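Reading through the C-alpha cells given below for one structure.
Derivation of every value follows stated rules applied to the coordinates shown; laboratory data play no part. What you see is a predicted model; the values in this text were computed from it and never measured. Positions of Cβ are backbone-derived with ideal geometry, glycine not excepted, and every protein chain shown enters the neighbour counts.
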Amino acid sequence: MANFLEQTVNGLVNGGFYAMLALGLAVIFGMLKVVNFAHGAFYMLGAFGAYLCLRELGLSFWWALPLVPVVLGVLGMGLERAVIHRLTRLDPLYNFLLTFGLTLILQDLVKWRYGVSANPYEVPAALRGTLRAGSFEFPAYRVFVFGFAVLACAAVWWLLTRTRIGMVVRAATERPELTGALGIDVARWTTPVFGFGVALAGLAGVLAAPMQAVNPLMGADLIIVVFAVVVIGGLGSILGSVATGFGVGIAVAWAQAYAPPVVAQVLVFVVMAAVLLWRPAGLFGREETPA
Amino acid sequence: MRTIRIRKPLALAAAALVLAGCGGGGPRGGGGSKLTDGKIVLGVLNDQSGGYADLGGKNAVVAVQLAIDDFKAKYGAKAVTKDITVVTADHQNKPDVAKTDAQQMYDRQGVDAIFDVPTSSAALAVADVAKQDKRLYFNISAASDDLNGKSCNKFTFHYAYDTNMLANGTGAADTEGGARNWYLVYPNYAFGQDMTRGFTQAVSKAGGHVVATAGSPFPNPTEDYSSLLLKAASLNPKPDTLGVMQAGADLQNVVKQYNQFKLKDRGIKLAVGLMFITDIHSLGPDALAGTTFTDAWYWNFDQTNRSFANRFYAKTQTRPTFAHAANYSAALNYLEAVQAAGTDDAATVVGNLEGKKINDVFLRNGTVRAADHLVTHDAYLAQVKPSSQVAEPWDYEKIIKTIPADQAFNPPSGDCHL
C-alpha cells in the first residue's frame, strides 16, 4: 500500500513536468496559433542554464530558479520578434518547420560545446533528505518539485482569469478579430506571451536538472509526450493541459509499476488516439464554432 | 490553388532534408592491383548524435584512422594499396536507418568493411546486410549474443565484448561477493533482453536469485526510471542488489535517480551491467564509487594501453573507451588480413581471419573463433575509485582481476551455423 502511494506521488511529480510544459505550449498555441516544436529544446536549455549558472557563475539552484526562466523568456521574445511572428500569418506548417529547425540548431549547438554525456548537477543541500511517514519514503526534492509545479500552474491560472492582462490574452485567444475591433492591440501581447511560454519550459528545465541527467537531448523525446498531453487535454485549453498533465503522469507511473514494459511505452499515444476518435477537440477543448 | 503554392516550398524543404541525410557516394574507381577497385574503404557506422555518441561516435573514426596510419607506416611501399580511406555515417540508433546506411556504404561508397555499430537492434540489421552483400562487418559496440548466435553469418565478426562476458564477470563476481537477491532493470530491446537473460543465468549459477525484472522503454522519452526504482523496496523477498542493464545516457539517468531515492541506504546495492569510462566521467566517480563491473579494456591498465591512450588523447583531448580501442584493433587486424591474403575479396579475408590468434593493444590472448566468429580475449573485473583515489583525470578504475578469455566468454552456443 505504501508503495502504491509512493508510485502515485511519483506520478504526480512527473505529471508536474508534463503540466508545466503543456501549459506553456497551450498558452502559445492559444494566442499565436503556433505549434512550438522548440519547447523541448527550451526545457533542455533551462536545465543547462542551471548547470552553467553553477559552473560558470557559481550561482546555486535557488538563484537559477528565477534567473534562468527570465533569461530564456527574453530569448524567447527575441526569437518571436526575429522570426516566428513573420510566419504566423502563413500556414501553421511554416512555423512548425521553423521551430523544428530551431530545435535541431539549439540541440546541436549545445552538443557541439558539451557533448552528449550528462553533466553533473546535485539536488540542493536543503532538499537532500527523505520524507518518511510509516513505510512511505520519498525524496524531499521531488515533493518540492510537485508543490512548485502546482503553485506555478495555479499562478498562471490566476494570471489568466483574474487579471486584466489575462483577460486580454483570453479574449485574443477566443476571438482575435473581435478583440481587435474593441480597440485592444492584440499584436502587442503575442511577444510577451511567447516569452512567457518559453520561460515556463525553462522553469521546468531548471527543476529537472537535479533529477535527471543534464544532456542536450533531454527534451527531444519528452516533447512528443507533451504534445500528446496537449492533444488529449484539448489544444489551447489551459485547464485541459494541466489536468491532463497530472493525469498522464499518474497513469504512466502506474503502468510502469504494474504492467509489462510495452504498456507504459504506448499508453499515452493509445489514449490520445482514443480521445481523438471520441472527442476530436480533446477532453477539455471546445468544438470550433464559426466566428 | 493557393494552398498548393504555399505547400510546394515545404515539400521541397522536406525533400532537401531527406536528401541531406544520404551521403553522396562517388563512382568506384578502377585499379591495377589485386584489390577489386584498387582501394580499401573502411566504414564507421555508429551513433554520432544520440546517447551513445560519446562512447564511440566521431572518436571511433579517429581510432580507425589511427589504424590506417599505423598500417601505412608499417608496410610503406609494400602495402597492398596506399589508397585507404574511411567514411562514416550516423545511424541514430535506429535499425532502419542503420540498414539503409549500410547498403549505401557497401553498394555506393565501395566500403569493404563496416566497423562499430552500437545498439544491438541496429547491429543485427547491419549483420543482415553484410550477409546479403557478402561484405565484412566487424561489430564492436553492440553486445547482443545473437550476433554470434542465431543471427550469425560468415561475414560478421563479433569483436570486443558481448552480453555473456558482462554477465559472467559482474553477475558472478557480485553474487560471490554477497549479492543474493537481484532485481534487474533493463532497456526493453534486444540488448537489454539479452543482458537480463545472461545475468539471470550467471547469478543463478553462482548461487544467487533474481527476484524480479523490469523493462523500461527504449528510447525512454521521459528519461525517468523512478517507477522502476520505487518498485525495488516493495518486492518480496526484498532485493539486496539492483542490476542496471541500461547503457550510455540511460545508465547515467538510472544512477542519478538511484542515488536520489537513496536505495543504497535502504539496503539495495548497485551493480552495473555495461559501463564505459565516459559514463563514470559524466556522473563523477563518487556517484559510482565501489561499484564493480566488467570492462573489456582499460586505458590505464599497462604501458601498452597507456601509450595508445596518449596518441588518442593528442587527437581528441579525451581518453579512449574500450570501444575506441576495439575499433582501432579491428581495423588494423582487418588491414593485416587483407595484406596477408593479398586481396580484399571478403571470403578470402574471412578465411585468413578465422582461427587467428592475436595479441595487440586491445586483444590479450585473443582468438577469432572459427565456429561462430566471436573474438574472445581476456576481460577485466574493475571497480570505480572514489575521487580521493583518482590520481589524474580519467583515472577512474581499479582493475581487481583479469578474467581469462575462456572464462570471460561462453563457448559457442550451437545456434550459429555459418
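Got the relative contact order for chain B handy, in percent, Cα pairs under 8 Å and 6 or more residues apart?
Taking the mean separation of contacting Cα pairs over the length of chain B, I get 17 percent.
So for chain B, taking the charge dipole from beta-carbon charges (+1 Lys/Arg, -1 Asp/Glu), which of B:GLY43, B:ALA326, B:PHE191 sits furthest toward the positive end?
Sorting the options by dipole projection puts first B:GLY43.
Only four residue types carry charge here, +1 at the Cβ of Lys and Arg and -1 at the Cβ of Asp and Glu. Report the dipole size of region B:97-154 about the Cα centre in Debye, rounded to the nearest 20.
For this selection, approximately 180 debye.
Sequence gap at least 6, Cα distance under 8 Å: using those rules, report the relative contact order of region B:297-418 to the nearest whole percent.
Relative contact order here is 18 percent.
Note the full-extension length gain between A:SER60 and A:ARG188 as 0.36 nm times their separation in residues minus their Cα-Cα distance, in nm to one decimal. Intermediate values should be presented prior to the final figure.
On the way: separation 128, 0.36 × 128 = 46.08 nm, distance 3.48 nm.
Between A:SER60 and A:ARG188, full extension yields 42.6 nm more.
Anyone know which of B:ASP101, B:ASP145, B:ASP133 comes out most mobile in the 10 Å Cα GNM of chain B?
Top of the fluctuation ranking is B:ASP133.
Below 8 Å between Cα atoms, with a sequence gap of 6+, how large is the relative contact order for chain A in percent? All intermediate terms of the calculation are to be shown ahead of the outcome.
On the way: 434 pairs, mean separation 111.5, N = 291.
38 percent.
Among B:PRO118, B:PRO239, B:PRO320, which one shows the biggest mean-square fluctuation in a GNM of chain B, springs joining Cα atoms closer than 10 Å?
Taking springs between Cα atoms under 10 Å, the residue moving most is B:PRO239.
Just add up the charged neighbours of B:ALA405: K/R +1, D/E -1, any other residue whose Cβ is under 13 Å from the Cβ of B:ALA405.
Combined, the nearby Lys, Arg, Asp and Glu give 0.
Rounded to the nearest 5, what is the percent of antiparallel bridges among the DSSP beta bridges in chain B? If you can, show how the numbers build up before the last one.
On the way: 14 of 48 bridges.
Given both bridge residues lie in chain B, the antiparallel proportion sits at roughly 30 percent.
Work out the length of the dipole vector of the protein assembly as shown about its Cα centre, built from +1 on the beta-carbon of each Lys and Arg and -1 on the beta-carbon of each Asp and Glu, and round it to the nearest 20 debye.
That gives a dipole near 1280 debye.
Measuring from label point to label point, each 7 Å out along Cα→Cβ, what is the A:ALA126 to B:ASN236 span in nm?
4.1
Quick one: B:ASP69, B:ASP174, fewest Cβ neighbours within 10 Å first, how do they rank? Numbers along the way, then the final one.
Details: B:ASP69 13, B:ASP174 26.
If I rank by nearby Cβ atoms, fewest first, I get B:ASP69, B:ASP174.
Place a +1 charge on the Cβ of each Lys and Arg in chain A and a -1 charge on the Cβ of each Asp and Glu, then give the dipole magnitude about the Cα centre in debye, rounded to the nearest 20. Mind dumping the intermediate values first?
Working: 17 positive and 13 negative charges, 76 e Å.
That gives chain A a dipole magnitude of about 360 debye.
For region A:159-291, what is the largest minus smallest coordinate of the Cα atoms on each principal axis, given in angstrom and ordered from greatest to least?
56, 37, 24
Need the list of lysines near B:LYS78 for cross-linking: C-alpha distance under 22 angstrom, and skip anything on the same chain fewer than eight residues off.
Result set, ordered by chain and number: B:LYS34, B:LYS39.
Considering the options B:ALA391, B:THR170, B:ALA214, tell which one lies farthest towards the positive end of the dipole of chain B, charges being +1 on Lys and Arg and -1 on Asp and Glu at the Cβ, about the Cα centre.
Of B:ALA391, B:THR170, B:ALA214, it is B:ALA214.
Taking square-rooted eigenvalues a ≥ b ≥ c of the alpha carbon gyration tensor, is region B:37-172 rounded, prolate or oblate, where a/c under 1.5 means rounded and, failing that, a/b exceeding b/c means prolate?
Prolate, since a/c reaches 1.5 and a/b exceeds b/c.
What nm value, rounded to one decimal, do you get for the distance between A:LEU277 and A:TRP157 when each label is placed 7 Å out toward the C-beta?
Placing both labels 7 Å along Cα→Cβ, they lie 3.1 nm apart.
Highest GNM mean-square fluctuation, chain A, Cα pairs closer than 10 Å: which of A:GLN107, A:GLN212, A:GLN265?
Judging by the Gaussian network model, the answer is A:GLN265.
Testing the spin-label approximation: label points 7 Å from Cα along Cα→Cβ at B:LYS78 and B:ARG266. State their distance in nm.
For the pair B:LYS78/B:ARG266, the computed spacing is 6.4 nm.
Rounded if a/c is under 1.5, else prolate if a/b beats b/c, else oblate: with a ≥ b ≥ c from the C-alpha gyration tensor eigenvalues square-rooted, which is region B:364-413?
prolate
Which of rounded, prolate or oblate describes region B:30-99 when judged by the alpha-carbon gyration tensor and an a/c cut-off of 1.5? Write out the running numbers ahead of the final one.
Numbers: a/c = 5.02, a/b = 1.85, b/c = 2.71.
Taking the square roots of the gyration eigenvalues as a ≥ b ≥ c, region B:30-99 is oblate.
Of the cross-linked pairs B:LYS154/B:LYS315; B:LYS231/B:LYS385; A:LYS111/B:LYS262; B:LYS264/B:LYS401; B:LYS154/B:LYS205; B:LYS262/B:LYS398, which ones have a Cα-Cα span greater than 27 Å in the structure shown?
Violating the 27 Å Cα-Cα cut-off are B:LYS154/B:LYS315; B:LYS231/B:LYS385; A:LYS111/B:LYS262; B:LYS154/B:LYS205.
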